[in-house]
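The values are calculated or read from the model by the stated rules, or taken from the named source; none is laboratory data. The structure presented is a predicted model; accordingly, all values stated were derived computationally and were not measured. Using ideal geometry, Cβ is built from the backbone for each residue, glycine included, and neighbour counts are taken over all protein chains shown.
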Protein chains: 2
Amino acid sequence: MFVTTVMVRVVPDRVEDFIKATLVNHRASVEEPGNIRFDVLQNEQEPTRFLLYEAYRSEKDASAHKNTSHYRLWRDTVAVWMAEPRKGITYKGLNR
Amino acid sequence: MFVTTVMVRVVPDRVEDFIKATLVNHRASVEEPGNIRFDVLQNEQEPTRFLLYEAYRSEKDASAHKNTSHYRLWRDTVAVWMAEPRKGITYKGLNR
């Protein structure tokens, strides 16, 4: 399993827009053949901070996500709503 | 869904011990009634860094995890292997 976590901080007056656009991306992403999970998470202490938890069977499957039209639409839509550049970290899943 | 991410940095010569002990915790945790996922992830760029992704149906289910014998054994076992205090962040899951 190959996991990317993406940390995002959104400007306060765009939080609801960000949630809507990201749930659209979620619904399409979980239909990708290599996807295991695509969780959209809101920080409990700081509600302008989000974590996307993108788990794929392989690194190749995760790369394919970046070529989908739903990913590109999400990326271009939310870019101007971010309070700082988003930060991704990649992980190797050790369980199973 | 209620998610806790736990960031851990392990001293280099205890990485293998940490993985073993954490996979034992993983196997028992996924059997808890409220558990959705309990992923053990190793940072690809910095292999001494780990992320535990602990997803539960509710905050109550996540709290119950801290009262299990497998959690307590893990916590006490790995404590001396950490290069810095571990850091937990809690999130509200927005999808499904």
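Restricting attention to region B:20-47, which residues are among the β-branched types (Val, Ile, Thr) and buried (at least 16 other Cβ atoms within 10 Å of the Cβ)? B:22, B:36, B:40 - these are the residues of region B:20-47 that are among the β-branched types (Val, Ile, Thr) and buried (at least 16 other Cβ atoms within 10 Å of the Cβ).
Only one of the numbered conditions (1) more than 18 Å from residue B:10 (Cβ to Cβ); (2) assigned to a helix (DSSP H, G or I); (3) within 14 Å of chain A (Cβ to nearest Cβ); (4) touching a residue at least 24 places away in the same chain (Cβ under 8 Å) is violated by residue B:61, and that is (3). All conditions in (1) modelled with pLDDT under 95; (2) within 22 Å of residue B:45 (Cβ to Cβ); (3) of a type in the set (Lys, Arg) hold for residue A:96, with the sole exception of (2). Restricting B:27, B:9 to those that are free of Cβ contacts under 8 Å to residues at least 40 places away in the same chain and charged (D, E, K, R) reduces the list to B:27. The set of residues in region B:49-89 that are surrounded by fewer than 16 Cβ atoms within 10 Å (Cβ to Cβ) and of a type in the set (Val, Ile, Thr) comprises B:68, B:80.
Scanning region B:1-58 for residues that are part of a helix (DSSP H, G or I), at the interface with chain A (Cβ under 9 Å from one of its Cβ atoms) and charged (D, E, K, R) yields a count of 1.
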